[in-house]
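The values are calculated or read from the model by the stated rules, or taken from the named source; none is laboratory data. Keep in mind it's a predicted model, so treat the numbers as computed, not measured. Positions of Cβ are generated from backbone atoms using ideal geometry, with glycine treated the same way; all protein chains shown enter the neighbour counts.
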Amino acid sequence: MNRNYNLNSLWLSLLIMVLIVPLSAGAMEMDDCLGCHSDAEEVGEELFIDEDKFTHTVHAEMGCVTCHESVTDEHPDDGEAVTNTACLDCHEELGSEYMATTHAENATCSDCHNPHQVHGLKAVSRQDMNQQCSQCHEGSDVLESHTGWLPQADLHLAKLPCITCHTSAENYEIVLNITHKEKTTVAGSYPLSKYADLKEYSGEKEIQSLIDINGDDHISLAELRTFNRNPAYANLHLSGTMVPGEVSHDLSTLDNRYDCTFCHASGPGSMQTSFLAFPTEDGAYRRMTVDEGAMLDTLYGTPNFYMTGSTRSASMNIIGLIIICGGFIMPIGHGTLRFLTRKNRKH
């Protein structure tokens, strides 16, 4: 009986080896794919893949053959057509949301998202988010359609991602980016600092050390104040924006987005949650948590980031109080003097 059992186990092992070996032999590694496809001259622009941008994406972690299952070690000499996995095979929920919108009639997933360069919501800046929209929506047309009802429409469109309003997402958070005054090309508009820009300040240290002084991957209010007051960083500023906390492809505009208090209100939950996004070498962003309520830190608020009703400038508060007090001095003083000298006017 033991002998038969051993023979059966041996045959089973051989059968497993026969089945597994061909499968592993037919799987091409990502490095093999990029050996050709990262050379535009060899494969042409249509099949070219920017290796620097692709290798840092989530799709790269999955490997090429996860989406292109028909590719074998004999590719391209085997003459087999390369299969492409449909986006909805993995992103079924988002796809269902998107297919219910009017956008689905005009654009497919790949029209907005390059699968070989795409990053998650938390790894992109507001400019990157809006770049997808600007491929179809001209800036001048968007500005004109908002000017009729939105005060300072140009400022809102410059500071906010489109999906802040055009989405059904319920959770929002504040994301801070480091901007660079010396790199500006438009007066009063500072561009986001790139990794190389901040490396000039951090030297051999990681760029997050400019603010995350103790290196605990969390930014406290004290560290924000230290950064803001450091004269060595006079050309670096923090710029904040409100973004959805989760991805949604339901691009409808909810009624509360037309209410100014959706953003401009004192103490909403979204104002309590904030992150600082540091640029990475590959052009993406890495977020770091900031102390809860950082945007409501009234006395030491982040410079150049003012949201009416949410953050306050201590200096402006003092100046305003002086103006109000000064306005009362004249009538009160005049009335008091007339009361004290009323006997002199009896004749």
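Between Met271, Met288, the distinction of being in the same structural domain as Glu182 (by TED's automatic domain parsing), among the aliphatic types (A, V, I, L, M) and modelled with pLDDT of 85 or more belongs to Met288 only. On the basis of being within 30 Å of Ser252 (Cβ to Cβ) and either modelled with pLDDT of 90 or more or among the β-branched types (Val, Ile, Thr) (or both), does Val18 make the cut? Spelling it out, it is not the case that Val18 is within 30 Å of Ser252 (Cβ to Cβ) and either modelled with pLDDT of 90 or more or among the β-branched types (Val, Ile, Thr) (or both). The criterion of at least 3 residues that are hydroxyl-bearing (Ser, Thr, Tyr), modelled with pLDDT of 95 or more and in contact with a His (Cβ under 9 Å, 6 or more places away or on another chain) is met by none of the helices (runs of 4 or more DSSP H) falling completely within region 138-221. Applying the criterion of being among the aliphatic types (A, V, I, L, M) and touching a residue at least 40 places away in the same chain (Cβ under 8 Å) to the residues of region 77-113, the residue that is surrounded by the most Cβ atoms within 10 Å (Cβ to Cβ) is Leu94. Screening Thr253 with (1) more than 26 Å from Gly293 (Cβ to Cβ); (2) hydroxyl-bearing (Ser, Thr, Tyr); (3) in contact with a Leu (Cβ under 7 Å, 6 or more places away or on another chain); (4) in contact (Cβ under 8 Å) with a residue 24 or more places away in the chain gives one miss only, at (3).
Being among the small types (Gly, Ala, Ser), modelled with pLDDT of 90 or more and under 23 Å from Arg126 (Cα atoms) is a property that does not hold for Ala232. Taking residues in region 114-125 that are modelled with pLDDT under 90, and partners anywhere that are surrounded by fewer than 18 Cβ atoms within 10 Å (Cβ to Cβ) and assigned to a loop (DSSP other than H, G, I, E, B), the pairs with Cβ atoms closer than 6 Å and at least 6 places apart or on different chains are Leu121/Val247. Among all positions in region 53-64, there is no residue which is in the same structural domain as Met288 (by TED's automatic domain parsing) and among the basic types (Lys, Arg).
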